[in-house]
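Have a look at the structure below before the remarks.
Throughout, read-outs are computed from the coordinates displayed, never taken from laboratory work. The structure presented is a predicted model; accordingly, all values stated were derived computationally and were not measured.
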Ligand code: CO
């Protein structure tokens, strides 16, 4: 279509949209003219629109028993600016909630991304670790028991037995593959977050006796979720 064609198309098109934007307050005012020549004013928030467009979901710390936490995460396919933004957002959420590690499903994104900063109080970039599309290649036979907590199930803690040493593979933010051996706290953080990507929560791995201790609190979280979401309990994670 040439310039004249475009002009005619614009003039005779049924819908004329005039946009006045005011980026300073993150809002866009849109005036839509309908068939009768009447204008309707719409105000939309740019930031929310952007997040909805990119993720189609609200970014928030997802709490048990939200079904998102029981959904298996998908591979990251594009190592682009959107991925970088998502990871930055995950670190922001991690710091805001005083956590040390976080998986993408915990912020409502079912993608295989793990972030952590063992020294979160310093918030230094060099302490920030990112694991994309991670896999556990090998697990040591020796297991260790330690107390775990999770931002997605507040006020719940319990001992979980996990392999003490693991070898892992993952991609970094630029798409380069790495192989690493993790032990101690790193091995534990990795396995806890890796489970999230598979829809497994740490209390699933607690002994029956340990799980009994947190049963009341889990039920409390279920009731809270039902109240907030008019939840059909069949769809809630167990
Ligand atoms: Co967790």
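For segment 128-205, what class follows from the C-alpha gyration tensor (a ≥ b ≥ c being the square roots of its eigenvalues): rounded when a/c is under 1.5, otherwise prolate if a/b is larger than b/c, else oblate? Oblate.
For segment 94-139, the relative contact order works out to 31 percent when only alpha carbon pairs closer than 8 Å and six or more residues apart are counted. Using a cutoff of 8 angstrom between alpha carbon atoms and counting only pairs six or more residues apart, the relative contact order for segment 53-147 works out to 27 percent. Taking a ≥ b ≥ c as the square roots of the eigenvalues of the Cα gyration tensor of segment 97-136, is the shape rounded (a/c under 1.5), prolate (a/b larger than b/c) or oblate? Oblate, since a/c reaches 1.5 and b/c is not below a/b.
Using only the Cα atoms of segment 75-199, build the gyration tensor, take square roots of its eigenvalues as a ≥ b ≥ c, and label the shape rounded, prolate or oblate: rounded if a/c is under 1.5, else prolate if a/b is larger than b/c, else oblate. Oblate shape, in that a/c is at least 1.5 and b/c is the bigger or equal ratio.
With contacts taken as Cα pairs under 8 Å and at least 6 residues apart, segment 105-238 reaches a relative contact order of 21 percent.
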